[in-house]
1. Here are some conditions: (1) in a loop (DSSP other than H, G, I, E, B); (2) under 24 Å from ALA409 (Cβ atoms). HIS243 meets all but one. Which one does it not meet?
2. Condition first: over 18 Å from VAL386 (Cα atoms), within 16 Å of the ligand (Cβ to nearest atom) and in contact with a Gly (Cβ under 6 Å, 6 or more places away or on another chain). Now tell me which residues in region 297-355 satisfy that.
3. Picking from THR84, THR129, THR57, THR90, which residue would you name as being of a type in the set (Val, Ile, Thr), without any contact (Cβ under 8 Å) to a residue 24 or more places away in the chain and over 30 Å from LEU234 (Cα atoms)?
4. Pull up region 233-244, narrow it to residues that are among the small types (Gly, Ala, Ser) and within 12 Å of the ligand (Cβ to nearest atom), then point me to the one that is farthest from VAL468 (Cα to Cα).
5. Filter region 153-190 for residues that are part of a loop (DSSP other than H, G, I, E, B), away from the ligand (no atom under 13 Å from the Cβ) and under 24 Å from HIS445 (Cβ atoms) and give the result.
6. Output the residue which, of all residues in region 21-32 that are in contact with a strand residue (DSSP E or B) (Cβ under 6 Å, 6 or more places away or on another chain) and crowded, with 18+ Cβ neighbours inside 10 Å, is nearest to TYR361 (Cα to Cα).
7. Let me confirm something: among LEU65, LEU79, which residue is assigned by TED's automatic domain parsing to the domain that holds GLU173, under 17 Å from THR178 (Cα atoms) and buried (at least 21 other Cβ atoms within 10 Å of the Cβ)?
8. Which residues, counting only those in region 411-454, are within 16 Å of the ligand (Cβ to nearest atom) and of a type in the set (Gly, Ala, Ser)?
Amino acid sequence: MHQYIAGEYRDGRGPSGTRIDPATGEAAETLRYASPADVDDAVAAATAALPAWSGLTPGERADALLRLAAELDRRADELAAVETAQTGKTIRMSTEFDVPGTIDNAAFFAGAARQLQGLAAGEYAGRATSLVRREPVGVVGSIAPWNYPLQMAGWKILPAVAAGNTIVLKPSELTPGTTLLLAEAAAAAGLPDGVINVVTGPGPSVGEHLVRHPGVAMTSFTGSTAVGRRIMALAAETAKRVHLELGGKAPFVVFDDADLEAAARGAVAGAIINGGQDCTAATRAYVQRPLFAAFTARVAELMDQVVVGDPTDPETDLGALITHAHRDKVAGFVDRARAAGARVLAGGAAPDGALAAGAFYRPTLVVDAAQDSEIVQREVFGPVLVALPFDTDDEAIALANDTPYGLAASAWTTSLARSLRASEEIQAGCVWLNDHITITSEMPHGGYKASGFGKDMSAYSLEEYTNVKHVLASRESGPERPWHDTVFRVRR
Ligand code: NAD
């Protein structure tokens with residue numbers, strides 16, 4: 001059963017789909033997707049649960065989230081196994097990154113729920129006291145992608161419910177497993193029925209119905225920029241709040257004073273993490289010309305050492321990509337770049353032999369591609385790094401900013417001045433200095449430009465899920481208010 005509504009599993013009343021194991025190409029599971037009526041039921045359940053949940057004290061909601069963190073910890077092995085089975089990502093990633101990251105998020109938002117920020121109450125307008133209330137928005141409808149199914153579910157659900165909202169979440173139709181388990185764990189932890197609901201199915205049917213739903217007060221979406229634009233247009237019909245976490249094309253800028261070995265290792269790890277299916281993955285390495293040859297040689301050498309294989313084997317570094325069609329899309333970018341004159345210094349092909357049946361692709365380094373070519377400008381979303389040389393610092397910053405995206409970036413340098421300049425002038429929601437990828441629950445994650453707006457994680461994301469209300473109480477005792485005289489004069 002693949003819907004979780006009002007505290008129980010249900011069969012969807014929509015069409016069926018087949019989940020394919022990306023590592024083997026074999027059918028793994030038949031999924032019963034939601035119908036529009038199932039989405040309506042989920043919104044009704046979230047609406048019914050809202051008054052009691054939003055009426056709890058922040059401390060009571062925090063207690064529930066701490067119990068959820070403990071419950072997720074108890075189920076860590078199962079969550080990791082399902083995450084790897086449905087995505088093809090390595091079991092090391094699921095065990096050491098996805099599951100603990102989500103548990104930490106639950107614990108973080110338990111604390112953050114008790115720390116809502118705002119202006120101090122005070123007498124700003126003469127003899128009147130103003131105060132700010134932060135209130136839940138209502139029923140949140142969220143839509144998540146397939147690359148980090150559990151973490152994305154956590155990033156959507158946890159701040160929303162911590163702030164007193166209830167939620168209906170649609171995971172990717174490819175990867176509903178761990179999102180359903182998260183909802184089940186929340187129920188086991190004592191979160192009331194209807195606070196967290198999960199509907200599964202394709203975007204155009206289930207997702208659009210959720211976004212359009214008049215009972216949903218806010219849409220929070222993580223996914224591609226193309227679908228984000230569509231969501232924003234649909235949300236305009238009901239003028240609902242939109243939070244968009246979209247695609248990325250992170251630059252990785254290596255200045256000539258950088259620690260070359262640190263940069264090369266950072267580039268490989270940053271490019272192949274999660275099969276490169278990471279919106280912040282290192283995709284464009286701009287390397288100052290004196291280091292370019294040594295950097296690309298070392299990256300190619302390290303990429304050739306990456307162990308591609310069975311995602312469930314703890315020794316595997318790079319598992320399968322999400323689907324065979326996606327693997328072919330990644331390969332298409334590399335093949336077209338090669339045809340246009342680029343050179344491939346590592347990878348550039350799917351492995352053969354025992355891995356041929358799965359959606360695998362080797363870590364790939366491309367050089368001699370043009371800055372305006374599609375492999376530099378568009379999201380490949382695979383384990384593919386393109387390296388380009390630059391001469392001046394001005395050029396590096398300009399190249400780093402030269403895509404429609406602005407999600408994340410890194411600069412590699414031992415110079416304080418260059419570090420500060422890169423952190424100021426690169427247009428991205430996150431700039432790492434001498435690192436790439438590291439995230440933490442306390443710090444915001446979100447985009448500039450076509451990478452969207454709004455923040456996940458951190459206290460900033462809690463703010464996304466609240467309305468700010470100004471309450472003003474007059475302290476005048478009589479019938480007069482000082483400003484009335486400006487508008488009309490009582491003449492007798
Ligand atoms: P996608 O946009 O194809 O799908 C994302 C979700 O939207 C899925 O649940 C899908 O079913 C749903 N959807 C598709 N069409 C829809 C429609 N018309 N209406 C409503 N819902 C619809 O993205 P994907 O391929 O699942 O994920 C990869 C993308 O996600 C990449 O672009 C990646 O950069 C992005 N991403 C961004 C972040 C971030 O934080 N900015 C994080 C992870 C992934």
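The values are calculated or read from the model by the stated rules, or taken from the named source; none is laboratory data. If you're wondering where the values come from, they're calculated on a predicted model, not measured in any experiment. Reconstructed Cβ throughout: ideal geometry from the backbone, glycine too, with neighbour counts over all protein chains shown.
1. (1)
2. Result: ALA320, LEU321.
3. One residue alone meets the criteria, THR57.
4. ALA233
5. Hits for region 153-190 are ALA163, GLY164, ASN165.
6. Filtering region 21-32 for residues that are in contact with a strand residue (DSSP E or B) (Cβ under 6 Å, 6 or more places away or on another chain) and crowded, with 18+ Cβ neighbours inside 10 Å, the one nearest to TYR361 (Cα to Cα) comes out as ASP21.
7. From the options LEU65, LEU79, the qualifying one is LEU79.
8. Passing the criteria: ALA428, GLY429, SER441, GLY446, GLY447, ALA450, SER451, GLY452, GLY454.
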